[in-house]
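Participant: Structure provided below as structure tokens; questions to follow.
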Amino acid sequence: MYIYNNFDEAFVRNRVAEFRDQVQRRIDGSLTEDEFKPLRLKNGLYLQLHAYMLRVAIPYGTLNSAQMRQLALIAERFDKGYGHFTTRQNIQFNWPRLKDVPEILDLLADVGMHAIQTSGNCIRNVTADHFAGAAADEIEDPRPTAELLRQWSTDHPEFQYLPRKFKIAITGSPNDRAVTKAHDIGLRMLRNEAGEPGYEVIVGGGLGRTPMVGKIVRAFLPKADLLPYLEAILQVYNVSGRRDNKYKARIKILVHETGLDEIKEQIEAAFERQKRDFAGPSADLVAEIEAAFAPPVFDNARSLAFEQAQADDAGFRAFVETNVAEHKNPAYGIVSVSLKPVGGTPGDATADQMRVLADLAERYGHDELRISHEQNVILPHVRKADIPALHQQLREAGLATANIGLVSDIIACPGMDYCALATARSIPVAQEISRRFDELKLERDIGPLKIKISGCINACGHHHVGHIGILGLDKAGRENYQITLGGDGTESAAIGERTGPGFDAEDLVPAIETIIETYLELREDASETFLAAYRRLGAEPFKQAIHGDRGGRARAA
Amino acid sequence: MAREYKPRVVTANDLFEGDTVYFTASQSWSRDHAEAIVAWSQDAAETLLAAAETQQDKVVGPYLAETVMDEHNRPQPVHFREVFRTRGPSNYFHGKQAGA
């Protein structure tokens, strides 16, 4: 894993010292809020409904045990004993006091972490496949590229005042677990016919008010050209992106309004110019970063403990079925730890749970942890022979929920329980759905299903790409929820389709239940997933089921 | 036609803690919505907000929010967002509802 060098360390410490001074000046009255707000946002500090919120970047979702323990310490000392992992591989602390934030940032710097560029109109935390470096289907580990992008984009003088925020995601696998098509720039690693590594470059994806699937601007970009090419994209955007209207300021609108062919030409022209000034990072730097992500030394000793435990224990078997993914080394598995217990808050972990996860990563997982955009924690490298013992210890810590990819593995933004921008609550909806489907005992029968909930149009909960998406709105002073169907955040990305008028809170979960019952009735057999059935059947039978009979239990609002 | 005026209070977030606060008759800030001073006219609302905005060293982002009087003649929030702000989150017993 990448460890800060002297330059990184000094840079982050200087930023903490600078922010400490800015906070002091705000507290003593030398700075007004208008002056202070852009400064605090540059350091990830928001003011939410009930308190300040500090958003800390977890670059490409990778943590070691020392970092996880430090997050636990911060949660305990400065929050209310928990932290919230977000859909952008960040962690949010919901209750810090203003005067304590510099101290928190110092504690983060102690373990090579920061909150820089987690807000504002700049290049945000670069996200990556949470199975990076471990996945069986991976072409190449995307994290050295992500770290290179972190270094390149951090405090990049040209890109600190973009028309709007800018999000980059990268995957090294053909199976896209990083939602690359819903980012300002999505990068997919691949090899050309000569076997040389490079990227497919996708631009102009995004969710929010105007959801769009990103478009390919370069089918194959040689690896060495990445930074000048991204600078070219950013330059085109910086000059031509719409600054006249906040709602039209993202690059997706520029791509859409300019047209794909024209924008490609502009990018390529800028790239030709840019390459003359900046050919990319030095080979030494690239090699240094790549070395930091060298895979651990795997222990290939064979053991039947994993198979034996599955034969002996149905609970373990169920856990393996959903929470263990195929590792590139056949003696290993990738273990996902669900942060979605029945009735829980998606993405929340207590300080104690963080410490358990840190201990387990150290004991069984080569000291590595990942945070997924789906708000779960992953131990990417666990010997299969150790998974039964790991499972037992997760169980004791209340962390063995076997629901990855199922109906209760819900993404939910903080919504109006915390967020100042929200128009309705998200968390209670997720809690109610997970409780209801636990009562019905249908989860395994339903199979793979992604429900994603956002508490406002900004779509932090990725509702547009949920198989079932839920969007909370304020309808004449009541919380009201729109349902979309058929969204997909993977390589076959699609934006979900609205089913019709929204539902009031009390009618929403019955409507979701009706949609899922309809699927169970209409699927060809248990191997046809919800998404596959939706694609075959279209929206109509589902719309009919929830809106057709207005006297039914799922009344439209 | 002018929209009918509805009574309002001035609310903001405390600069130091971030907690929701309400402007009172003594031109200070209370954590309790019921202690807020009510603006019964548009003029009064503008005057109160202007006074609140001078207290940048104590609060962030003062704004007007609609209110109704309860049976004890104390102002209560109207919109659900403002109701949540008087309580705290619904997933944990934290914030104002916990007396914090």
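The values are calculated or read from the model by the stated rules, or taken from the named source; none is laboratory data. A quick note: this is a predicted structure, and the numbers were derived from the prediction, not measured. Please note: Cβ atoms are built from the backbone with ideal geometry, for glycine as well, and neighbour counts cover all protein chains shown.
Participant: What residue, among those in the range A:426-444 that are assigned to a loop (DSSP other than H, G, I, E, B) and free of Cβ contacts under 8 Å to residues at least 60 places away in the same chain, is nearest to the other protein chains (Cβ to nearest Cβ)?
Facilitator: Looking at the filtered set, the residue picked out is A:426.
Participant: Can you name the residue in the range B:70-79 that is outside any strand (DSSP E or B) and out of contact with any Lys or Arg (no Cβ under 9 Å at 6 or more places or on another chain) and, of all such residues, is nearest to the other protein chains (Cβ to nearest Cβ)?
Facilitator: Per the stated criteria, the residue is B:79.
Participant: Continuing with this model, one more query. Answer with yes or no whether residue B:63 is among the aromatic types (Phe, Trp, Tyr) and assigned to a loop (DSSP other than H, G, I, E, B).
Facilitator: Taking the combined requirement at face value, the residue does not satisfy it.
Participant: Pairs only if they're at least six apart or on different chains, beta carbon under 7 angstrom, first in the range A:132-149 and assigned to a helix (DSSP H, G or I), second among the small types (Gly, Ala, Ser); list them, first residue then second.
Facilitator: Note: pairs meeting the criteria are A:143/A:128; A:143/A:132; A:143/A:133; A:146/A:128.
Participant: Which numbered condition in (1) over 20 Å from the mean Cα position of the chain (by Cα); (2) under 30 Å from residue A:287 (Cα atoms); (3) among the polar types (S, T, N, Q) is the only one that residue A:64 fails?
Facilitator: Result: residue A:64 passes all but (1).
Participant: Is there a residue being at pLDDT 95 or above, in contact with a Phe, Trp or Tyr (Cβ under 7 Å, 6 or more places away or on another chain), buried (at least 24 other Cβ atoms within 10 Å of the Cβ) and not aliphatic (A, V, I, L, M) anywhere in the range A:171-184?
Facilitator: yes
Participant: Please tell me if residue A:361 is crowded, with 24+ Cβ neighbours inside 10 Å, among the small types (Gly, Ala, Ser) and in a helix (DSSP H, G or I).
Facilitator: yes
Participant: Condition first: in contact (Cβ under 8 Å) with a residue 12 or more places away in the chain and in contact with a Leu (Cβ under 7 Å, 6 or more places away or on another chain). Now tell me which residues in the range A:1-25 satisfy that.
Facilitator: Those that are in contact (Cβ under 8 Å) with a residue 12 or more places away in the chain and in contact with a Leu (Cβ under 7 Å, 6 or more places away or on another chain): A:16, A:19, A:22, A:23.
Participant: Taking residue B:67, is it crowded, with 17+ Cβ neighbours inside 10 Å, touching a residue at least 24 places away in the same chain (Cβ under 8 Å) and away from every other protein chain (no Cβ under 11 Å)?
Facilitator: yes
Participant: Could I ask something else about it? Name the pairs: first residue in the range A:469-492 and within 14 Å of another protein chain (Cβ to nearest Cβ), second residue of a type in the set (Ser, Thr, Tyr) and outside any loop (DSSP other than H, G, I, E, B), Cβ to Cβ under 6 Å, at least 6 apart or on different chains?
Facilitator: That search, which allows pairs on different chains as well, returns A:472/A:481.
Participant: Then there's this: Taking the range B:70-84, which residues are without any contact (Cβ under 8 Å) to a residue 24 or more places away in the chain, within 22 Å of residue A:47 (Cα to Cα) and out of contact with any strand residue (DSSP E or B) (no Cβ under 6 Å at 6 or more places or on another chain)?
Facilitator: Once the filter is applied, which keeps residues that are without any contact (Cβ under 8 Å) to a residue 24 or more places away in the chain, within 22 Å of residue A:47 (Cα to Cα) and out of contact with any strand residue (DSSP E or B) (no Cβ under 6 Å at 6 or more places or on another chain), the range B:70-84 yields B:79, B:80, B:81, B:84.
Participant: Of everything in the range B:13-41, what is assigned to a helix (DSSP H, G or I) and either within 14 Å of another protein chain (Cβ to nearest Cβ) or out of contact with any strand residue (DSSP E or B) (no Cβ under 9 Å at 6 or more places or on another chain) (or both)? Give them in sequence order.
Facilitator: Passing the criteria: only B:33.
Participant: Additional query: One residue is enough: does the range A:343-353 have a residue meeting the conditions of a type in the set (D, E, K, R), under 25 Å from residue A:509 (Cβ atoms) and part of a strand (DSSP E or B)?
Facilitator: Within the range A:343-353, one or more residues are of a type in the set (D, E, K, R), under 25 Å from residue A:509 (Cβ atoms) and part of a strand (DSSP E or B).
Participant: All but one of (1) over 27 Å from residue A:423 (Cα atoms); (2) in a helix (DSSP H, G or I) hold for residue A:525; which doesn't?
Facilitator: (2)
Participant: Could you run through the range A:125-140 and say how many residues are farther than 20 Å from residue A:489 by Cβ, buried (at least 21 other Cβ atoms within 10 Å of the Cβ) and out of contact with any Phe, Trp or Tyr (no Cβ under 8 Å at 6 or more places or on another chain)?
Facilitator: The number of residues fulfilling the criteria is 0.
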